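Below: one structure, written as structure tokens.
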Amino acid sequence: MAEHRCRQLRVEHAIRPRAVDADAPRFSWIADHGQTAYRIEVSDSAGETVWDSGRVQSAETSLIAYAGTPLTALEDYRWQVTSWSGERDALVGRSEFGTAPDLTRWGASWIQPVQEHALVERWTLQDWIRGAGPDSDPEDRLRPVQLIRQAFTLAETPVRARLLMTAEGVYSAWLGGAAVGDEVLAPGYDSYGRRISVQTYDVGADLVPGENVLAVALADGWWAGRIGLTGSSAQFGDRTALTWELHLAFEDGRRDVIRSSARSRSAPGPWSYADLFVGEKYDARRALDWTSSSFDDSGWAPVVDRGADVARLVPFRGEPIRRVAELPAVSTTPTPEGWIVDFGQVIAGRVRLSIPVVDAGSEVRIEHTETLDADENWFANIVGINKEQTDVYVSDGAAAVWEPEFTFHGFRYARIRGLDRVQTDDAVAVVIASDLEYTGRFTTSDARLNRLHENVVWSQRGNFLSVPTDCPQRERAGWTGEMQVFAPAATNNARVLPFISRWLDNLRADQLPDGRVPIFSPRSPFDEEAAETGQGFGSIVAAAGWSDAIVAVPWTLYERTGDVRILEENLPAMLAWIDYQTRTAAEELPPSLQAVELASERRRRQALLYNTGEHFGDWLTPSTMAGRPTHEAIGIAPALTSELVAPMFQAHSLTLAARIAGVLREPVMQAELGDRAARVRAAFVAEYVGDDGSLPVELQGMYALALGLDMLPPGRRRAAGDRLAHLVRANGGRLDTGFLSMPYLLDALWDSGHRDLARVVLWQAEAPSWLYEVDNGATTIWETWDGVAPDGTIREMSFNHYAFGCVDDWLFRRLAGIAPTSPGWRTARIEPDLACGLDVVDAAVDTPYGPIAVRWERRAEPASIHVDIPFGVDAQLVLADRSVPLAPGRNAIPVVDLAPAIAL
Ligand code: RAM
């Protein structure tokens, strides 16, 4: 296992990043020995040393901040680390990184193609509920993708060339006919009114002496296209625009910058329209060789020059969206309406299709859905305004292989019309996602549990698409509640910190001046207006358990990575949200108390509790939905649970913020926040908790939250745990928890002495339960448990919503037993559940020091546990009867006295 060099050299969590923030980037590596000292050396592209840390006596290998002479923006650096273990031979590693551009000096114009105004389509929540929507052909309502060309001449080829580009819209670019980079849907989704990410590309290889052309196709994307629940368009703006700078360095040291300008020309091309929701139409008869430098664009229109504007520009951070996988078709079936192609897996992406020779002008249509109905007929599970998800190819008569460029869909099945025959070899599902490193592993002796885990990973992949979304087919919005509950699970599966940090940057930008953290981000000016005029759910700006993501998500990232900077970046936003809750608590009383004469003691307590306003409560709690139409059903849990849920999250956020203040060495703030948390908890107990541990709302979720968020005095925890166990048993061991309480249910049972019941719930196969979904063919996590009802009915709901997949964290923590006991995995506890009913569990979690892997087998003689621990992690194996320290490397531990396993 050990190699004679340092591995996995990272700068700001990424391997060889191209554009890290030049302000004190941090270095990490893996050294397969017990490091006692290190040395970091950084040199610039001329080979000059800009930092030499010298030999530092330290075991630390993670996130060591640069401390040399200030780094230059948009420059390349090399670095080397030397790691010593005592007097033994040193391990050495070498890598490189580039710094982000200094965007304050941006001089390029924003250029706008001359284009028709997009039809601005605005819809309300009520329209959506009514099933209203446009009735004309998309081609009459959408507009062509614009092609933009700008030629420039170079006397010689540069030794280094960096293209910086961003857009109001989504773009694809070509230089000298070659695609620039391998990203799709750049610049990605941002809260564009406040920040727009600029991409950095290395394009040296595509430049030639003489005439060059930068060609860009610009589509509506998230900026002007349809997005969100209502499918309204032009939410950020109705005109698309582009800005770019090409930074060149020549052999003799000369530098030059070429910029987007009024010299660009534009015209519509083969894309009749492209929209993230509606789909894309490509007319091959209008294809041109427009990216080549020989193309004559003299007939094209000049662009509108809006001038340079540095406001809002930020360097892109995190991973771009790419084509991350391809899935072959599993089957194709003819139907009277076309061929149904099954890709066997619900994904976010699009179809790449081989189109044979057909008559010029004939149309091939590709529709997308996540599920068929119970009789295997076509069934569009996502309904709503502008949710067509249909791509159209118009043939020029020649055979072609076509993949849409500016859209993606949520689907497992595609229905293809316009072709006589479609065979499995003709269609490929191209998976589109932010290109994170997926590092986790979880397999067991039970195929259903393995499928459950895979379903979570597929839902993570499908929804980690530029920003973390609720679902990749209906709203595609960056809902905060989802991330709040799913963040722990997400960290086991992938290296998520850069991706989630990028989203937190947007969320902070969207925070309101009064401290409210919006329920989703990016949030458009249209969303702001809609909330101002909306009613009920439509009026919600911030909500309990959703807005608290600003505290809980950074805390989770810190716990799982040890990165303190994520806490520093978000602390002011956390404090502003907490103060909003405190102020609101002091100002408002719940409706039930408004007409009541309150004793001063109660008035004082109520003034501490954030328990008013519209919230989503324990959203989608199953028993509150049964037997009611969806639009009505979703309102019940919020009405029943918000008054309890909101102060519980208030207390939780105060406690986490106090801990965060402690980590950031702010003892006064820590004490003050801790004190406020204690007072909120005491008031909550006095107002809502019976002496017997009872709560005013008898739902599993309320007890799970009260236990999980530490709302109960020690003396009442046992009784509350018993009540929870009673509710779970009375429900036949099935789930009755909503979005917010789901992450806490199994731990609440486990920690209150009901371990077997937690196992029963995990293994439950009747709805609502996780394995019910698996048994009913789920390949992702569903929005509601009855996506496929027991009678086979299919619901018009999302089949790709990861919130309830938060259980995946439990699988790693409890079944494999891999859990950190200090932030960033400096110490860990390995406590596998050998009695969980499985014969084998084989899992691995990446830590800053390398993976921790656990494999246990009951069937082996004797039963055994193998644990791999990386150097740098101090781990203990905890078994029923003993605790064993684990050494770095492979540990093999026989287990003689096995507790009886739960009978399945
Ligand atoms: C739904 C979203 C999301 C949830 C909100 C409250 O419309 O899909 O799942 O966070 O509502």
For SER752, which of the numbered conditions (1) small (Gly, Ala, Ser); (2) open to solvent by less than 10 Å² (accessible area, probe 1.4 Å); (3) modelled with pLDDT of 95 or more fails to hold? (2)
Among the listed residues LEU709, LEU705, LEU654, LEU664, which satisfies the condition of being among the hydrophobic types (A, V, I, L, M, F, W, C) and open to solvent by 10 Å² or more (accessible area, probe 1.4 Å)? LEU664
When you scan segment 418-427, do you find a residue that is outside the structural domain of ASP563 (by TED's automatic domain parsing), basic (Lys, Arg) and at pLDDT 95 or above, even just one? yes
Going through segment 745-777 in order, the residues found to be among the small types (Gly, Ala, Ser), part of a loop (DSSP other than H, G, I, E, B) and closer than 22 Å to GLY721 by Cβ are SER752, GLY753, SER769
Is at least one residue of segment 624-639 surrounded by 15 or more Cβ atoms within 10 Å (Cβ to Cβ), more than 16 Å from the ligand (Cβ to nearest atom) and in a helix (DSSP H, G or I)? no
For segment 213-239, how many residues are part of a loop (DSSP other than H, G, I, E, B), within 26 Å of the chain's Cα centre (by Cα) and not small (Gly, Ala, Ser)? 6
Take ALA544 and tell me if it is within 13 Å of the ligand (Cβ to nearest atom), at negative phi, modelled with pLDDT of 95 or more and not charged (D, E, K, R). yes
Residues of segment 226-248 being open to solvent by less than 10 Å² (accessible area, probe 1.4 Å), within 30 Å of SER298 (Cα to Cα) and of a type in the set (Gly, Ala, Ser), which ones? ALA241
For segment 11-46: of the residues being in contact (Cβ under 8 Å) with a residue 60 or more places away in the chain and acidic (Asp, Glu), which is surrounded by the fewest Cβ atoms within 10 Å (Cβ to Cβ)? ASP21
Quick check, is ARG508 open to solvent by 10 Å² or more (accessible area, probe 1.4 Å), within 24 Å of MET648 (Cα to Cα) and not assigned by TED's automatic domain parsing to the domain that holds PRO851? yes
Scanning for something over 17 Å from the mean Cα position of the chain (by Cα), in a helix (DSSP H, G or I) and surrounded by 22 or more Cβ atoms within 10 Å (Cβ to Cβ), does segment 568-575 turn up at least one residue? yes
Look at segment 81-93 and say how many of its residues are surrounded by fewer than 17 Cβ atoms within 10 Å (Cβ to Cβ) and either at pLDDT 95 or above or on the phi < 0 side of the Ramachandran plot (or both). 4
Where residues in segment 94-126 are small (Gly, Ala, Ser) and surrounded by fewer than 20 Cβ atoms within 10 Å (Cβ to Cβ), which of them is nearest to ALA31 (Cα to Cα)? SER95
Inside segment 235-254, can you point out the residues that are closer than 22 Å to ALA308 by Cβ and among the acidic types (Asp, Glu)? ASP238, GLU245
Test THR469 against the stated conditions and say whether it is among the β-branched types (Val, Ile, Thr) and either without any contact (Cβ under 8 Å) to a residue 12 or more places away in the chain or over 28 Å from GLY837 (Cβ atoms) (or both). yes
Those residues that are among the β-branched types (Val, Ile, Thr) and within 25 Å of the chain's Cα centre (by Cα), I need them from segment 365-389; list them, please. THR369, THR371, ILE382, VAL383, ILE385
Among the residues of segment 477-521, what is the count of those that are in a loop (DSSP other than H, G, I, E, B) and away from the ligand (no atom under 15 Å from the Cβ)? 8
The residue that is farthest from PHE616 (Cα to Cα), considering only those in segment 538-554 that are open to solvent by less than 30 Å² (accessible area, probe 1.4 Å) and in a helix (DSSP H, G or I), is PRO554
Do you know which of the residues in segment 435-476 that are touching a Gly at 6+ places or on another chain (Cβ under 7 Å) and under 20 Å from PHE316 (Cβ atoms) is nearest to the ligand (Cβ to nearest atom)? THR469
From the list ILE385, ILE366, exactly one residue is open to solvent by less than 30 Å² (accessible area, probe 1.4 Å) and part of a loop (DSSP other than H, G, I, E, B). Which is it? ILE385
For segment 260-312, what are the residues that are of a type in the set (Val, Ile, Thr) and either without any contact (Cβ under 8 Å) to a residue 60 or more places away in the chain or open to solvent by less than 50 Å² (accessible area, probe 1.4 Å) (or both)? VAL278, THR291, VAL303
Residue under question is SER521, and the condition is that it be within 21 Å of LEU276 (Cα to Cα), among the hydroxyl-bearing types (Ser, Thr, Tyr) and either in contact with a helix residue (DSSP H, G or I) (Cβ under 8 Å, 6 or more places away or on another chain) or surrounded by fewer than 21 Cβ atoms within 10 Å (Cβ to Cβ) (or both); does it hold? yes
Quick one: how many residues across segment 527-537 are open to solvent by 20 Å² or more (accessible area, probe 1.4 Å) and within 16 Å of the ligand (Cβ to nearest atom)? 6
Looking at (1) within 25 Å of the chain's Cα centre (by Cα); (2) crowded, with 18+ Cβ neighbours inside 10 Å; (3) closer than 19 Å to THR424 by Cα, find the lone condition where GLY318 falls short. (3)
GLU403: open to solvent by 20 Å² or more (accessible area, probe 1.4 Å), modelled with pLDDT of 95 or more, within 23 Å of THR793 (Cα to Cα) and touching a Lys or Arg at 6+ places or on another chain (Cβ under 7 Å), yes or no? no
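The values are calculated or read from the model by the stated rules, or taken from the named source; none is laboratory data. Only a predicted model underlies this, so the values are computations on that prediction, with no experimental measurement involved. Cβ sites come from the backbone with ideal geometry, for glycine too, and all protein chains shown count toward neighbours. Side chains are part of the model used for accessible areas, which takes the heavy atoms of the whole protein and leaves out ligands, DNA and RNA. Shrake-Rupley method; radii C 1.70, N 1.55, O 1.52, S 1.80 Å.
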